[in-house]
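These notes concern the structure reproduced below.
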Amino acid sequence: MAISDSKNVAESILEETRLEAGFFVLKFTNETLDKQRLERDIDSQFIQFHFCVKGSALFHFNHGAYQLPLREEQSLLLYNPQRNLPMNLELEPDTWVLSLLISIQKFHSLFSREANYIPFLSEENKDRKYYKDGIITPSMAIVLNQLVNYNLHPNIKDLYFKGKSYELLSLYFTRPADADIAQCPFLVDEDNVAKIKRAKEIVIARMAEPPTLQELSEEIGLSLNKLKEGFKQIYGDSVFSFLFDYKMEVARQLLESGAHNVNEVGLKVGYSTASHFIAAFKKKFGTTPKKYLMSMG
């Protein structure tokens, strides 16, 4: 993962922590006298937030054809939905950089279940890559230093990092009340958002007998391609993958209520045979409905 003239030195300056599925924090601390170069593969599903706590760094793109500097007390947001954006980072001596990598699906879930805050739907912006720089505010600097200079028992570290990373994101997106929405990297197209939201409501309301994608696109007045692309951009998943997860969660709650048997629950969420429902439930939760109920005690 890390590369430089000295593999051991390079590895020692990168500390990566997986906070949860789709959420990582990377800490780079080059306290050597030489520049250090590190690489990490990152696919197009991830939004990248980079913060230079001290020193300076340089991002290389397209095999070195393009560079983007990251200076002390500066932040950088990188997102490209069309292609993978691997990290190729050159660190000056005495440089600290902290990075958050968060999947688009996880990112949307942090802000709103409806995701009205950060859609990528307008014709002008839906395929656009975002390179947004900004300053590190004093409140952000405090959290960043806590993440770099923590002194905790290893058993507590992951919990501490998770809390501080969420705090950092919330501070990053804290803006004055009169801030122009155009300053946000994720521009809103209210009409398309409303249509995609309506599509979600329709498939949930009719989950036992959902419409086809073509029928759904006609009902909401959006082309099939825009429906598929927009739904994935807002909710981080395809329409029917989203619906499957929703149905399984409803089924789990119905089972827990104790008011319905396995067959009844399967019918309520759209499975005509118990065997199909049991197979779907096991695919989602790794156990059968009956065993799940037994585990509930």
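The C-beta contact set for the stretch 280-295 (first residue closer than 10 Å to VAL262 by Cβ, second residue aromatic (Phe, Trp, Tyr) and surrounded by 13 or more Cβ atoms within 10 Å (Cβ to Cβ), distance under 6 angstrom, 6+ apart or interchain) comprises PRO289/PHE281. Under 7 Å by Cβ, and 6 or more places apart or on different chains, what pairs join a residue from the stretch 161-185 that is surrounded by 14 or more Cβ atoms within 10 Å (Cβ to Cβ) with one that is part of a loop (DSSP other than H, G, I, E, B) and modelled with pLDDT of 50 or more? Here the result reads LEU171/THR137, each pair linking the stretch 161-185 to a residue that is part of a loop (DSSP other than H, G, I, E, B) and modelled with pLDDT of 50 or more. Pairing residues of the stretch 191-210 that are under 25 Å from TYR271 (Cβ atoms) and in the same structural domain as LEU227 (by TED's automatic domain parsing) with residues that are aromatic (Phe, Trp, Tyr) and in a helix (DSSP H, G or I), at Cβ distances under 7 Å and at least 6 apart in sequence or on separate chains, gives ALA199/PHE231; LYS200/TYR235; ILE204/TYR246; MET207/TYR246.
Here is a yes/no grid of residues against (1) touching a Phe, Trp or Tyr at 6+ places or on another chain (Cβ under 9 Å); (2) surrounded by fewer than 18 Cβ atoms within 10 Å (Cβ to Cβ):
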| residue | (1), (2) |
| --- | --- |
| ASN263 | yes, yes |
| THR273 | no, yes |
| HIS276 | no, yes |
| ALA280 | yes, no |
| PHE285 | yes, yes |
| TYR292 | yes, no |
| SER295 | no, yes |
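Taken together, the residues in the stretch 256-282 that are assigned to a helix (DSSP H, G or I) and either modelled with pLDDT under 90 or aliphatic (A, V, I, L, M) (or both) amount to 9.
For LYS226, the conditions (1) in contact (Cβ under 8 Å) with a residue 24 or more places away in the chain; (2) more than 29 Å from the chain's Cα centre (by Cα) are fulfilled apart from (2). Within the stretch 198-235, the only residue that satisfies the criterion of being modelled with pLDDT under 85 and surrounded by fewer than 19 Cβ atoms within 10 Å (Cβ to Cβ) is GLU229. Please go through the stretch 23-45 and give me each residue that is touching a Gly at 6+ places or on another chain (Cβ under 9 Å) and crowded, with 22+ Cβ neighbours inside 10 Å, ordered by number. Scanning the stretch 23-45 gives a single hit, ASN30. Taking the criterion of being among the aliphatic types (A, V, I, L, M) and closer than 19 Å to SER165 by Cα, the residues of the stretch 43-72 that qualify are ILE47, VAL53. Of all residues in the stretch 88-111, those satisfying the criterion of being buried (at least 21 other Cβ atoms within 10 Å of the Cβ), modelled with pLDDT of 85 or more and either of a type in the set (A, V, I, L, M) or in a loop (DSSP other than H, G, I, E, B) (or both) are LEU89, LEU91, VAL97, LEU98, LEU100, LEU101, ILE102.
The values are calculated or read from the model by the stated rules, or taken from the named source; none is laboratory data. The model shown is predicted, which means the values in this text are computed figures rather than measured ones. Glycine also receives a Cβ, built like all others from the backbone with ideal geometry; neighbour counts cover every protein chain displayed.
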